[in-house]
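Working notes for the structure below.
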Amino acid sequence: MESFNRFDEIVDIVQRTKTIAITDSQKEALKKKYKFTPHFEYGMDEESRYVIRTTKEMHDQMEYYMALEHERELIDLLMEAEIDRVVYVSVSYGTDALHLKELFQFLAENQ
């Protein structure tokens, strides 16, 4: 049952995390860099984990185009919810996720 306690802790933290949608200028910069236009929200939780919220389909594309697939072993929590036949995800990556660190830095530089 220890793992359920850890799960509950992370879910609580993720639910308190404030995320922001990427701006139009960030979308354009991402389009130039990665050759596709992602749509997502991002933020950092209180334990400095990188949090991405988007649709499952968009996250799959982000894993491919933005090399986030290399960070799968650093996912602390992946939550999925289906609403009106669309699957949404909230993904929390550990603090050592280099591709996420670079992505968040890129977003900060292109606001």
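The values are calculated or read from the model by the stated rules, or taken from the named source; none is laboratory data. Given the structure is predicted, the values throughout are model-derived calculations rather than measurements. Counting neighbours? That spans all protein chains shown, and the Cβs are built from the backbone with ideal geometry, glycine included.
On the stretch given as segment 9-37, residues that are out of contact with any helix residue (DSSP H, G or I) (no Cβ under 6 Å at 6 or more places or on another chain), modelled with pLDDT under 95 and of a type in the set (Ser, Thr, Tyr) total 1.
Rundown of residues vs (1) touching a strand residue (DSSP E or B) at 6+ places or on another chain (Cβ under 6 Å); (2) under 19 Å from residue 97 (Cα atoms); (3) in a loop (DSSP other than H, G, I, E, B), yes/no style:
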{"residue": "31", "(1), (2), (3)": "no, no, no"}
{"residue": "36", "(1), (2), (3)": "no, no, yes"}
{"residue": "46", "(1), (2), (3)": "no, yes, yes"}
{"residue": "51", "(1), (2), (3)": "yes, yes, no"}
{"residue": "62", "(1), (2), (3)": "no, yes, no"}
{"residue": "81", "(1), (2), (3)": "yes, no, no"}
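Is there a residue being at pLDDT below 95, in contact with a Lys or Arg (Cβ under 8 Å, 6 or more places away or on another chain) and not acidic (Asp, Glu) anywhere in segment 48-65? Checked segment 48-65: at least one residue is at pLDDT below 95, in contact with a Lys or Arg (Cβ under 8 Å, 6 or more places away or on another chain) and not acidic (Asp, Glu). Close Cβ contacts (under 6 Å, 6 or more residues apart or on different chains) running from residues in segment 57-77 that are within 22 Å of residue 29 (Cα to Cα) to residues that are surrounded by fewer than 14 Cβ atoms within 10 Å (Cβ to Cβ) and acidic (Asp, Glu) comprise 63/69. Summed over segment 18-29, residues that are touching a residue at least 40 places away in the same chain (Cβ under 8 Å) and either in a loop (DSSP other than H, G, I, E, B) or under 14 Å from residue 92 (Cα atoms) (or both) total 2. Entry remark, segment 70-93: residues being crowded, with 16+ Cβ neighbours inside 10 Å and among the small types (Gly, Ala, Ser) number 2 in total.
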